[in-house]
Every structure is written in structure tokens, then in C-alpha cells.
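The values are calculated or read from the model by the stated rules, or taken from the named source; none is laboratory data. Predicted model only: the values in this text are computed from it and were never measured. Positions of Cβ are generated from backbone atoms using ideal geometry, with glycine treated the same way; all protein chains shown enter the neighbour counts. The area values use the complete protein model at the heavy-atom level, side chains included, leaving out ligands, DNA and RNA. Shrake-Rupley method; radii C 1.70, N 1.55, O 1.52, S 1.80 Å.
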Amino acid sequence: MKFYPEEYRIKDQRMKPFIDPEEIWDYLNNTESTKERVREIIAKSLNKERLNLEETAVLVNTKDPELIEEIKQGAKTLKEKVYGNRIVLFAPLYVGNKCTNNCKYCGFRVTNKDAVRQTLSDQELIKEVEALEDNGQKRLILVYGEHQDYSPEFIAENVKTVYSVKKGNGEIRRVNINAAPLDIDGFRIVKESGIGTYQVFQETYHPEEYAKYHLGGKKKDYNYRLTSLDRAQEAGLDDVGIGALFGLYDWRYEVLAMIRHTNHFEACYNVGPHTLSFPRIQDASTIDVDPKYMVNDDDFVKLIAILRLAVPYTGMILTARESIRVRREVMEFGVSQIDGGTKLELGSYHESQNEDQNLNREQFAINDNRSLAEIIDELIDNGFLPSFCTACYRLGRTGEHFMEFSVPGFIKRYCTPNAILTLAEYLEDYATPKVVEKGWKIIDREMADLDNFKRVEELQNRLGRIKSGERDMYF
Ligand code: SAM
Ligand code: SF4
């Protein structure tokens, strides 16, 4: 499927750096946010059109509280229109924290001599996956430090091991990766193991600031990191996640840079990023970051709403780094995926550890340590439809977020029915009686909204089959 006209594709920019700080600052310094202009841009986005850098800069520069509210409301409307009520759930699984880099914000940095280093053995990995399956998880992201032990072959083996673990009705149906950038052959090896998304965050898109935070190891090379997901694309891995670590540099610059990165993918590879991530820096062992660029909650909500409007077709991820309150608030403005039941300490899903975090064993502090069950309970109370859907990726419908957004009826035909089926499985296998009752009410409500869905009888039939013990049916 061609997303963007052929003539706009700039093939000779592939694998070349694409960030020009001056260009970005020019947009930020020379853009005026009048009422008319801001409203025009929100309307354009609600018409499901991508925003360009200049338009994004106008929104970023908006200071009038009334207009900021309109931006947030625009993002909310767009989210409801494009994604419905679904929130997709996943869990991170830390496999190894050895690291040869020296990133000033991270507890795994090589200079942290107090860090307790560990790599899960196959047996430990299996136990972790079993424990996650026991909670009802279906989608994982495997996380690694950067180290010669974590080769593409090693990661690929881990992926295969994770897929092979089946406990009761549990199984992992999608494995994503957050690890160091690879070369093209490396990405090919990992892709062949059947991963979903490969995430690499640029941390900061500003080259000089980047140099100040990345003091040693391979990650020092800004351009190698910037072009890493181009290499993934060259390897045929077109499902990639980008992100910036907010708090390292001016958030306004990072937002524009993420749009620039998106433009680059669209132009060169005819596909945008699968997901956007916007982690905010959290406390970590030996962290050494000037708080000057920390992003406050108001700006954080604003930047999420702007990203939603600027790239309407892309999944947006918010993790347990954020507090329960912030998570609740921003879910309305564009976030489509969250983690639940998160534990960062290696091996801690299967070994009961202290509830308190030990930062010498973990990458950073988290602010939402609720169980998956508690999160699902709250999502249902707030009218969301929790989903563990993995259908598109397994049926080869890649670029699915783009399809959700552009193909009429896609959500009603696929996303909502699949969310319903995966929630029903969760209710049957893992939920408490209280959640079971609430969950089936949400399913009834969503079924009633599927008025024109032609296969509603088939969906009902499948729900009956789930109650009789059958699993893993999808549209
Ligand atoms: N080691 C690989 C790398 O650096 O690309 C894998 C990623 S790391 C385990 C996952 C992400 O966590 C990093 O890309 C960074 O954005 C984020 N991170 C690191 N330290 C953090 C901190 N103190 N607070 C919040 N996020 C942090
Ligand atoms: Fe290593 Fe990644 Fe942490 Fe940097 S962010 S020290 S590369 S684990």
C-alpha cells in the first residue's frame, strides 16, 4: 500500500542525517500563534491531515490558555474519532542491564560501579514470561543495555524463547524490542525472529546537547543513532518506534525534531513511525542531569496533544514512569498504549521482591507500580476498552495505525472487535469477579456501538467459543 505519492519520496536522503537545528529554531523563533492560525491548524488535523513543521511550531508557541485548551480538546476529539475507546496494554521485560555506554541519565551507565549487573538465563527468562502470562499479559517489550553479549543472534533467540512459553491459556503474541541500534544485517536477524516494533529513542535531537549527555561507548555517535531506524527500514523492518527523552533539552525543539524524523521516514520509506514515545527523565542511580530543561505537567500534556494532532495515524506510548494522575489525564489526549503491572528489576516478575525500588538494580524510578489487574479495573471504570490485540501484525497488516486512521470503518471492522475478543479472554482467564462483571458490561456497550459491523453475529459466536475455552481468534 502506498501512503505517500511517489514523487515526494526522497530516496537519496536514506541513511543520511536529517536534523538541522537551525531549521528547527527558525520555525520556533519565527512563527506567530494567532487565534485564527491555531484554529485553522486544529481544523486541518481534525480533517486527518498531517501537520508540517511550521504548523507544529505554531501550536508549540501557543501561550494563550484558551487556545491551549482548544488544542487539547482538538486532540481529544481526534483521538475519539480515530481510535475510539481502546487502550492497548503491554509490559516491559528487562533481559540484561550490562552496558558499555555512559549516558548521564541512566542507572545502567558503565560508570555506575554500584549497579548490580545481570543477564537473564534462558530458565530465568522463561520464568519471567510465565509470571507475566499468569497476569494476563499478551504483549511484551524486551529491554537491553548496550553490550557485546546482547548480539542480534542473542536477542533473536530470546524472542523465540518468549514466543515458545505457554502457561495455561497464556501466551505472548507480540514481542517488541528496545535495545541498542544495530547494523542492517543485525536488524535482519532480529526481524526474522518475528518481532513487532523495534524502538530506538534519539534521547535528544540536538547534536551538541547530545554530546554533553553521552560520554562514552558507541552511543556517543549521534549520527549513527539518528540513522539507526533507517537501517531497520533497509533491513525490511518497517515497524519502528521513535522517541525523545524529555528533560535533556528544550521540549519545543524535541517535538519539532520528532516531526522532522516522521517526515524523513515518510519521504524516504513511504511509512511513518509505528509509535511515538515521550519519556520524561526520572530519578536514577548516579544520574547527572541539570534540571533546567525538566518539563512541567502542563507543558507535558500540551506536547502530547500537539504530537497527537501533528501525526494523527501513529500510536502513542505512555509508560509507568508517569504518575497515576498524569497517566489518567493524558490518556484522553492521544495516548493509545500503556504498560501495566510494570517491574523494572531484572527477574522481579517471578521472584517476589521488596515493593520498594532499588535503583542500583533498575534503570530509573517509576511512579505507577499498580498491577495489571488494577490498571484494567480503572480503565474500565473510566470508560476505556482495554485491548491485548495483536491481529494486524500477525496477519501482515503492517502500517496498521495508518490504516486505522485512513481506511473508513477500519476500527469497527477490526480494532474494536479484536479488543472485545482479547478483553473477553482476559475476563475468562485472569480477572476478579468484580472486574468480570464490569468488563462484560463494557463489552455489551461496545457491541451495541458496532451497529453496522456486518460480522456481529460472528463476533457473538466467537465470544461464546471463548466462554467454552477456545482462544486466540481475531479478525
Ligand atoms: N540501552 C538501549 C538504548 O539506550 O537505546 C536501550 C534503551 S534504555 C534501556 C530505554 C530508554 O530508557 C532509553 O532510550 C532512555 O530514553 C530511557 N531512559 C534512560 N534513563 C532514563 C531515566 N533516568 N528516566 C527515564 N527514562 C530513561
Ligand atoms: Fe546503556 Fe541505554 Fe542506559 Fe545508555 S540508556 S547507559 S545505552 S542502557
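Annotation for segment 375-397: at least one member residue is buried (at least 20 other Cβ atoms within 10 Å of the Cβ) and more than 17 Å from residue 416 (Cα to Cα).
In segment 328-364, of all residues being charged (D, E, K, R) and within 15 Å of ligand 1 (Cβ to nearest atom), the one that is nearest to residue 124 (Cα to Cα) corresponds to 345. Counting the residues of segment 260-280 that are open to solvent by less than 10 Å² (accessible area, probe 1.4 Å) and closer than 15 Å to residue 206 by Cβ gives 1. What residue, among those in segment 70-92 that are part of a helix (DSSP H, G or I) and open to solvent by 20 Å² or more (accessible area, probe 1.4 Å), is farthest from residue 313 (Cα to Cα)? For segment 70-92, the residue satisfying everything is 70.
Answer with yes or no whether residue 453 is farther than 25 Å from residue 318 by Cβ and either modelled with pLDDT of 90 or more or over 24 Å from the mean Cα position of the chain (by Cα) (or both). Yes; evaluated as a whole, the condition is true for this residue. Taking the listed residues 283, 297, 290, the one that is more than 18 Å from residue 103 (Cβ to Cβ) and either surrounded by fewer than 20 Cβ atoms within 10 Å (Cβ to Cβ) or without any contact (Cβ under 8 Å) to a residue 40 or more places away in the chain (or both) is 297, with no other qualifying. The residues on offer are 175, 165, and the sole one that is at pLDDT 95 or above and touching a Leu at 6+ places or on another chain (Cβ under 6 Å) is 175.
Summed over segment 210-237, the residues that are touching a residue at least 12 places away in the same chain (Cβ under 8 Å), of a type in the set (Asp, Glu) and surrounded by fewer than 19 Cβ atoms within 10 Å (Cβ to Cβ) give a count of 1. Checking every residue in segment 313-325 against the condition of being farther than 28 Å from residue 239 by Cα, without any contact (Cβ under 8 Å) to a residue 24 or more places away in the chain, open to solvent by less than 10 Å² (accessible area, probe 1.4 Å) and of a type outside the set (Asp, Glu) gives zero matches.
Among the helices (runs of 4 or more DSSP H) confined to segment 94-208, there are none with at least 3 residues that are charged (D, E, K, R) and within 16 Å of ligand 2 (Cβ to nearest atom). Scanning segment 448-457 for residues that are closer than 15 Å to residue 475 by Cα and assigned to a helix (DSSP H, G or I) gives 456, 457. Would segment 378-394 turn up any residue that is within 16 Å of ligand 1 (Cβ to nearest atom), part of a loop (DSSP other than H, G, I, E, B) and at pLDDT 90 or above? No, that holds for no residue. All of (1) over 30 Å from residue 326 (Cα atoms); (2) surrounded by fewer than 17 Cβ atoms within 10 Å (Cβ to Cβ); (3) at pLDDT 95 or above hold for residue 466 with one exception: (2).
Would you check which residues across segment 182-204 are open to solvent by less than 10 Å² (accessible area, probe 1.4 Å) and touching a Pro at 6+ places or on another chain (Cβ under 8 Å) and list them? Passing the criteria: 186, 187, 190, 200.
Of everything in segment 73-121 that is small (Gly, Ala, Ser) and touching a residue at least 60 places away in the same chain (Cβ under 8 Å), the residue that is nearest to ligand 1 (Cβ to nearest atom) is 107.
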